[in-house]
Amino acid sequence: MSDDWTEQHIPDQHGRVAIVTGANTGLGFETARMLATRGASVVMAVRDVEKGKQAAARIAGDVTVQALDLASLDSIRSAAADLGAAHPRIDLLINNAGVAHTPRRTTADGFELQFGTNHLGHFALTGLLLDRLLPVPGSRVVTVSSTGHRIRAAIHFDDLQWERSYSRVGAYGQAKLANLMFTYALQRRLAPHGTTVATAAHPGAARSELTRNLPTALRMTVARLGPLLFQAADKGALPTLRAATDPAVRGGQYYGPGGLAGARGLPKLVTSSPASHDQAAQQRLWTVSEELTGVTFPV
């Protein structure tokens, strides 16, 4: 498998439908843009529809906008109904949207915001749309994680919503670890069907709006060192695009930048933490996620 994979390696996407969450800015926008450039019919699933329309206007190709607030199960169900009605088949579901290092807040359904948005929201959306992917050979669910899945990261089953104490970094680590555990558990369920696969990716250190909730001092440091530490959003989107489109990709694989410490560089196959591969914890998280969202999967 080549490790010099660039935007030029994205195969022709004509005839394929791709849904990208959080597509109006940053990594999601670049992911949507490159897929549309290659011919995909792209749905930008975004919380702010007006901003989504402005972003869509900057992309040449077949691009539409769908309202989706991953912090609301009602919004997720409504969006899934709209998407299912508009698209009898879906080739790519790219779970890209996310929030990071926020002060403790809750979603409309009372979930801690980072866990509720990054994991539970995408868990529910995937489960509600999966019947549109399963009949499609070569379809994929790509979930964007982070190197943050290794930092103070554990699934706190005794306090998933961080009600007893709260750590911005720890909550982000839990959510990003959950993204990977979801991917691996989903792939095991998909494997017998032989049509759809689940993969994951991380952008490394890429410029995006996710740094806006960092503590002030750290945010200022990031701003000063950004040009040295961070790669542009179009480069940060390449691991996701490879996980979504490279014919050599297999289910359950994880892609990220190949440079120093996984922060920069072209996308390659990477490894995730031992905790992410704990199958008993994956199953427990899956069961809890079904209970919290009320969404069960057709696999």
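Just a few scattered comments:
- Selection count where residues are in a helix (DSSP H, G or I) and under 27 Å from VAL299 (Cα atoms), scope the range 110-165: 21
- Residue pairs meeting the criteria (Cβ under 6 Å; at least 6 apart or on separate chains; first closer than 16 Å to ARG38 by Cβ, in the range 242-261; second buried (at least 18 other Cβ atoms within 10 Å of the Cβ) and among the aromatic types (Phe, Trp, Tyr)): ARG242/TRP5; ARG242/TYR255; ALA243/TYR255
- Residue check for GLU112: under 20 Å from the mean Cα position of the chain (by Cα), modelled with pLDDT of 95 or more, acidic (Asp, Glu) and over 30 Å from GLY259 (Cβ atoms): yes
- Once the range 256-277 is narrowed to residues that are of a type outside the set (Gly, Ala, Ser) and surrounded by fewer than 17 Cβ atoms within 10 Å (Cβ to Cβ), the residue that is modelled with the lowest pLDDT is LEU260.
- If the condition is being in contact (Cβ under 8 Å) with a residue 60 or more places away in the chain and over 19 Å from the mean Cα position of the chain (by Cα), then the range 135-164 contributes PRO135, VAL136, PHE157, LEU160.
- Enumerated strands (runs of 3 or more DSSP E) restricted to the range 1-68, each holding at least 2 residues that are of a type in the set (Gly, Ala, Ser): 41-46
- Candidate set from the range 86-109 (those that are among the polar types (S, T, N, Q) and either without any contact (Cβ under 8 Å) to a residue 12 or more places away in the chain or in a loop (DSSP other than H, G, I, E, B) (or both)); member that is surrounded by the most Cβ atoms within 10 Å (Cβ to Cβ): ASN96
- Filter result (at positive phi and either crowded, with 24+ Cβ neighbours inside 10 Å or touching a Ser or Thr at 6+ places or on another chain (Cβ under 7 Å) (or both)) within the range 118-153: ARG152
- Filter result for LEU83 (assigned to a loop (DSSP other than H, G, I, E, B) and within 19 Å of LEU130 (Cα to Cα)): no
- Hits in the range 197-255 - residues which are at pLDDT 60 or above, part of a helix (DSSP H, G or I) and crowded, with 17+ Cβ neighbours inside 10 Å: ALA233, ASP234, LYS235, GLY236, LEU238, PRO239, THR240, LEU241, ARG242, ALA243, ALA244, THR245
- Checking each residue in the range 166-185 for being free of Cβ contacts under 8 Å to residues at least 24 places away in the same chain and assigned to a helix (DSSP H, G or I) picks out only GLY170.
The values are calculated or read from the model by the stated rules, or taken from the named source; none is laboratory data. Predicted, not measured: the structure shown is a model, and the values here were computed from it. We place every Cβ from the backbone using ideal geometry, glycine too, and count neighbours over all the protein chains shown.
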